[in-house]
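Engineer: Starting off with a structure, shown below.
The values are calculated or read from the model by the stated rules, or taken from the named source; none is laboratory data. No experiment lies behind these values; they were computed from the predicted model shown. Please note: Cβ atoms are built from the backbone with ideal geometry, for glycine as well, and neighbour counts cover all protein chains shown. Keep in mind that these areas ignore ligands, DNA and RNA; they rest on the heavy atoms of the full protein, side chains included. Shrake-Rupley method; radii C 1.70, N 1.55, O 1.52, S 1.80 Å.
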Amino acid sequence: MKIGSYNFNMSLILDEIKKHGYKTVLLQAPEGVKKYVFQVVDEIETKTKAKVMISTDPCYGACDIPVHAAKQLGVDLVVQLGHLPIPNLKLPLPVLFMNIVADAREEESVKKAIEKLEGTKIGVVTTAQHIEKLPQMVSVLKKNGFIPVVGKGDNRIARDGQVLGCNMSTAQSISDKVDCFLFVGTGRFHPLGIALATSKPVVSANPFTLEVLKSEINEEKKKLMKKRYGAIAAAYNAKTFGIVVSVKPGQMRMKTARVLEKKLENAGKKVYILIADDINPSLAKTFDVDCLVSTACPRVVLDEAERFEIPLLTPTEVDILLEETNKYKLDTLQ
Ligand code: SF4
């Protein structure tokens, strides 16, 4: 089925609903896809006996299943469009993850990126949105004399070659076998994450705009490091900490929060555990703490910290703050 410029296999959704005789479905989609979901609802309701409700809340990833809403509503199935599953995430109700692929020019973007690649062994990484075109990306590289290498991620990763903003294990698994990484996808967060996690050169190819970035990624990495060390320095005199724990199923890290709590208390700090669904700057205004530590999606800290009035750190940055290490480590979820 095609909705807007996105394609996915509608028959898998219909088959799943019919097979189990599901009567109520909660449909979830990322922001860019939400405006097309009426077509999906109509198709399901016409071709099965199920009634469909649409979740209007933001949907950031496969980590973000509206478990509480689904349980309160008593739905039989959650269908999440736009993401691959997180294999090691255990969920208390049936969820069907339906990846969608956008009309994009992945092969062309790889061709454009070639002149910026370093060496011959190229680690190829991408996101769920473009993963179906991975064989074509690999083939373009081979035809041009490169040796493409595709990594295997840990149990949080569904497909070879796939990276998540919170998990770069696919890139890390091949880091010592490649000269450089080629990331095919949009935005700067993933290539920046690969650069931070592997310390290898990263070329980022956008399959929509055909923009290719390399030195920019390196520059961003330097800028980000400056900002993060600035935030850590700003937290040196903090006495009271709020450790934020997300209730999103794939972001909840209570164990990490408890470990941090102990470390900070041992260092003489006062600690409060703050439970949140969305982590936003109002937390810094509402609670009288000197520093917040987010154990949720690492992107919140790296993308949003400047919007907070007080330092917002990742768990790995607390280790630097407490002088347990002086090496910056990207915060990741397993
Ligand atoms: S934790 Fe963040 S980066 Fe990871 S899947 Fe969820 S939204 Fe994406």
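Engineer: Restricting to the range 166-181, name every residue that is away from the ligand (no atom under 16 Å from the Cβ) and either among the basic types (Lys, Arg) or in contact (Cβ under 8 Å) with a residue 60 or more places away in the chain (or both). Full working, then the answer.
Structural biologist: Taking the range 166-181 first, the residues away from the ligand (no atom under 16 Å from the Cβ) are 173-181.
Listed by number, the residues that qualify are Lys177, Asp179, Cys180.
Engineer: Let me ask another. Spot the failing condition for Gly187; the list is (1) under 22 Å from Cys297 (Cα atoms); (2) out of contact with any Lys or Arg (no Cβ under 9 Å at 6 or more places or on another chain); (3) at pLDDT 95 or above, and only one is missed.
Structural biologist: Tallying (1) under 22 Å from Cys297 (Cα atoms); (2) out of contact with any Lys or Arg (no Cβ under 9 Å at 6 or more places or on another chain); (3) at pLDDT 95 or above, Gly187 fails exactly one: (3).
Engineer: Does the range 243-253 contain any residue that is more than 16 Å from the ligand (Cβ to nearest atom) and under 19 Å from Phe287 (Cα atoms)?
Structural biologist: Going residue by residue through the range 243-253, those that are more than 16 Å from the ligand (Cβ to nearest atom) are 243.
Checking the rest, the ones that are also under 19 Å from Phe287 (Cα atoms) come to 243.
Checking the range 243-253: at least one residue is more than 16 Å from the ligand (Cβ to nearest atom) and under 19 Å from Phe287 (Cα atoms).
Engineer: Sort through Gln129, Gln162 and tell me the only one that's modelled with pLDDT under 95, within 16 Å of the ligand (Cβ to nearest atom), within 27 Å of Phe8 (Cβ to Cβ) and under 17 Å from the mean Cα position of the chain (by Cα). Break it down into steps so the answer makes sense when it comes.
Structural biologist: On the way: Gln162 fails: modelled with pLDDT under 95.
Answer to the selection: Gln129.
Engineer: Which of the residues spanning the range 182-194 are closer than 21 Å to Tyr328 by Cα and either open to solvent by 10 Å² or more (accessible area, probe 1.4 Å) or within 12 Å of the ligand (Cβ to nearest atom) (or both)?
Structural biologist: Correct list: Arg188, Phe189, His190, Leu192, Gly193.
A quick yes/no check of all residues on (1) among the hydrophobic types (A, V, I, L, M, F, W, C); (2) open to solvent by 80 Å² or more (accessible area, probe 1.4 Å); (3) more than 30 Å from Lys90 (Cα to Cα):
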| residue | (1), (2), (3) |
| --- | --- |
| Met252 | yes, yes, no |
| Lys262 | no, yes, no |
| Lys270 | no, yes, yes |
| Lys285 | no, yes, yes |
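Engineer: Only one of these is over 25 Å from His83 (Cβ atoms), away from the ligand (no atom under 16 Å from the Cβ), assigned to a loop (DSSP other than H, G, I, E, B) and among the hydrophobic types (A, V, I, L, M, F, W, C): Val271, Val259, Val289. Name it. Spell out the reasoning first.
Structural biologist: Values: Val271 fails: assigned to a loop (DSSP other than H, G, I, E, B); Val259 fails: assigned to a loop (DSSP other than H, G, I, E, B).
Checking each option against the conditions leaves just Val289.
Engineer: Which of the residues belonging to the range 195-211 are open to solvent by 20 Å² or more (accessible area, probe 1.4 Å) and on the phi < 0 side of the Ramachandran plot?
Structural biologist: Correct list: Leu196, Ala197, Lys200, Pro201, Asn206, Phe208, Thr209, Glu211.
Engineer: Right, next: Please enumerate the residues belonging to the range 317-329 that are surrounded by 20 or more Cβ atoms within 10 Å (Cβ to Cβ) and either under 20 Å from Val247 (Cβ atoms) or not charged (D, E, K, R) (or both). Before the answer, list the steps.
Structural biologist: Here is the first cut: in the range 317-329, the residues surrounded by 20 or more Cβ atoms within 10 Å (Cβ to Cβ) are 317-318, 320-321.
Matches in the range 317-329: Val318, Ile320, Leu321.
Engineer: While we're here: If you scan the range 292-303, which residues turn out to be touching a residue at least 40 places away in the same chain (Cβ under 8 Å) and either open to solvent by less than 10 Å² (accessible area, probe 1.4 Å) or away from the ligand (no atom under 16 Å from the Cβ) (or both)? Let's see the steps before the verdict.
Structural biologist: Narrowing the range 292-303 to residues touching a residue at least 40 places away in the same chain (Cβ under 8 Å): 292-299, 302-303.
Listed by number, the residues that qualify are Leu292, Val293, Ser294, Thr295, Ala296, Pro298.
Engineer: Continuing with the same structure: Which one is farthest from Ser11 (Cα to Cα), of the residues in the range 45-80 that are away from the ligand (no atom under 16 Å from the Cβ) and surrounded by 21 or more Cβ atoms within 10 Å (Cβ to Cβ)? Step through it out loud before you land on a result.
Structural biologist: First, the residues of the range 45-80 that are away from the ligand (no atom under 16 Å from the Cβ): 45-54, 56, 68-77, 79.
Filter once more, so that each one left must be surrounded by 21 or more Cβ atoms within 10 Å (Cβ to Cβ): 50, 52, 70, 75, 77, 79.
Details: Ala50: 14, Val52: 16, Ala70: 23, Val75: 20, Leu77: 16, Val79: 13 Å.
Residue satisfying both the conditions and the ranking: Ala70.
Engineer: All but one of (1) at pLDDT below 95; (2) within 13 Å of the ligand (Cβ to nearest atom); (3) assigned by TED's automatic domain parsing to the domain that holds Ala257 hold for Asn280, so report the exception by its number.
Structural biologist: Looking at each condition in turn, Asn280 falls short on (2).
Engineer: Then there is this: Hey, among Glu219, Glu306, which residue is open to solvent by 70 Å² or more (accessible area, probe 1.4 Å), within 28 Å of Ser204 (Cβ to Cβ), more than 16 Å from the ligand (Cβ to nearest atom) and without any contact (Cβ under 8 Å) to a residue 12 or more places away in the chain? Reasoning before the result, please.
Structural biologist: Values: Glu306 fails: without any contact (Cβ under 8 Å) to a residue 12 or more places away in the chain.
Residue meeting the stated conditions: Glu219.
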